[in-house]
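A.B. asks: Before we start, here is the structure in question, set down as structure tokens.
Readers should treat all values here as calculations from the given coordinates under stated rules, not as data from a laboratory. Predicted model only: the values in this text are computed from it and were never measured. So basically every Cβ, Gly included, is an ideal-geometry build from the backbone, and we count neighbours across all protein chains shown.
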Amino acid sequence: MSEAELLEHYWNGQEMAIESFLAYITILSGYLVAAFIVGERLSKPQTLIVTTGFIIFTLFAIWGAVTFWNASYATSTKLALSHPEIIPLFWLNPAMVATVCMVGGQIAGCKFMWDIRHPKM
């Protein structure tokens, strides 16, 4: 691949990773709003359906973001000498940071639903 193709690949990967991350934030926000507004009135099967959907769709968003950030990171290492500005801070793969944050948000969302459905008096 030429340098121009590598740069295009890098920036496309970054764009797609951010789009996956934004989809994750949208899904998480919708789940939290639904949990807050109607969480305590949902039956157990309804809660199970909503939570299962939340977990499945956020896993797809996490998978997308991690895949694209890994591809961008691999490309950035190939471009390190000619374009040092695209190298992530401390050579840390953004996919690893995103994975921890996004899975943590997924767990926090489920905990939020649990707390809404099981209030402590």
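A.B. asks: Leaving out same-chain residues fewer than 8 places away, which aspartates and glutamates sit with a Cα under 17 Å from that of Lys78?
C.D. replies: Those aspartates and glutamates meeting the cut-off are Glu3, Glu5, Glu8.
A.B. asks: Using a basic spin-label model with each label point 7 Å from the Cα along Cα→Cβ, how many nm lie between Lys78 and Asn12?
C.D. replies: About 1.2 nm, to one decimal.
A.B. asks: Taking Cα atoms of region 1-68, Rg/Rh with Kirkwood Rh, to two decimals?
C.D. replies: Expressed as Rg/Rh, it is 1.24.
A.B. asks: Another one. Sequence gap at least 6, Cα distance under 8 Å: using those rules, report the relative contact order of region 3-117 to the nearest whole percent.
C.D. replies: So the answer I get is 41 percent.
A.B. asks: Just for the Cα atoms in the chain, what are the lengths along the principal axes, largest first, rounded to whole Å?
C.D. replies: The Cα atoms of the chain stretch 60, 23, 16 Å along the principal axes, largest first.
A.B. asks: Counting Lys and Arg as +1 and Asp and Glu as -1, each charge on the Cβ, what is the dipole of the chain about the Cα centre in debye, to the nearest 20?
C.D. replies: The calculation lands at about 820 debye.
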